[in-house]
Amino acid sequence: MRASWCRQERRGSFHGRAGVSEKRAPPSLVLVCCIGAIALLAGASRTLAPKQEELCLGSFWCIRLTPVGRKHQGVKYELRTLPVDAKAVTDGDTITVYVNMAHHPESSNVPHEVREAGIERSKALAANNYQRAGVLLKIILDAGYRQVCGIDGEQILAKKYRIRLRGIDAPESLMPYGKEAKEELVRLVQGKSLKISIYDTDWYGRLVGDVDCDGVFVQEHMLKKGLAWHYTTYDHRMELTKWENQAKTRRTGLWASSNPEKPWEWRKKKRTGTV
């Protein structure tokens, strides 16, 4: 929190008014000490946010406060994924990821049998007992987890999640630009570790979140490339509409067509058998 102190002098505070010889008393020593402490705390928590608020203490002193940046409203938790495989990208708005359980907010909830299977499988691999390792791997996979080899050769226990990119809807695989949307998402995230802010879970059990890939906001990237719609039924962020409109104006990607079919309308036709 950035703070700058400004002493407000009002007429008559320390300078005599016309015809008046008496001066007002300065702030008490206690007030000065309190203000000094607040100044130190404010200076220790500086931020670059431009918006400032003013807090006045009595008649003499004011603090200008800059709000500290907060986590986006509605975020339940964040996931840091292992590097993403190309095969994990289902289409232009869905990714399957694995998260190292050692760095997971729910690490304490891993079933005991899964933990044991992971330990025993590591021992089996070290002993070249691949048959035993295969049996133990099935236990791990059936529970929705996976063991992957780390940089130092150790076996890492990871959990699988399907992620639905929040706020966008990309063309389905069989739709025009469906293939291009998937290929663009693969190109962007393949081999990268992602930071995902989780907001919700959808009807299909997928986690709904905002995805960051090496500082690139993935939803923004897909919208600007003209490979997704802003899904306004479930998301009302104005910046997503702005990025979609930029692609429309430039006739980028699917917007090369004057009236591209929306994926939610295409899915509805498919359900009713009219596609």
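Only the coordinates and a few stated rules stand behind these numbers; no lab work does. Keep in mind the model is a prediction, meaning the values are calculated, not measured. Using ideal geometry, Cβ is built from the backbone for each residue, glycine included, and neighbour counts are taken over all protein chains shown.
Placing one identical point scatterer on every Cα of segment 97-160 and ignoring solvent, what is log10 I(q)/I(0) from the Debye formula at q = 0.13, 0.14, 0.18, 0.25 Å⁻¹?
-0.31, -0.36, -0.59, -1.10
With unit charges on the beta carbon (Lys/Arg positive, Asp/Glu negative), name the residue among VAL218, GLY273, TRP229 whose Cα is farthest towards the positive pole of the charge dipole of segment 164-274.
Among VAL218, GLY273, TRP229, the one farthest towards the positive end of the dipole of segment 164-274 is GLY273.
What's the extension gain from SER173 to HIS103 if we count 0.36 nm per residue and subtract their Cα-Cα distance?
Working: separation 70, 0.36 × 70 = 25.20 nm, distance 3.34 nm.
Taking 0.36 nm per residue and subtracting the Cα distance, the gain is 21.9 nm.
Which of the peptides 264-273, 93-102, 207-216 is most tightly packed, and how do the rest follow, judged by the mean count of other Cβ atoms within 10 Å per residue?
Working: 264-273: 11.0, 93-102: 20.6, 207-216: 17.9.
By packing density, highest mean first, the sequence is 93-102, 207-216, 264-273.
Between segment 86-127 and segment 181-222, how many Å separate their Cα centres?
One Cα centre to the other: 19 Å.
What translational D, rounded to a whole number of µm²/s, comes out for segment 164-274 from Stokes-Einstein when the hydrodynamic radius is the Kirkwood one over Cα pairs, at 37 °C and 0.692 mPa s? Write out the running numbers ahead of the final one.
On the way: Rh = 14.5 Å.
For the chosen part, D equals 226 µm²/s.
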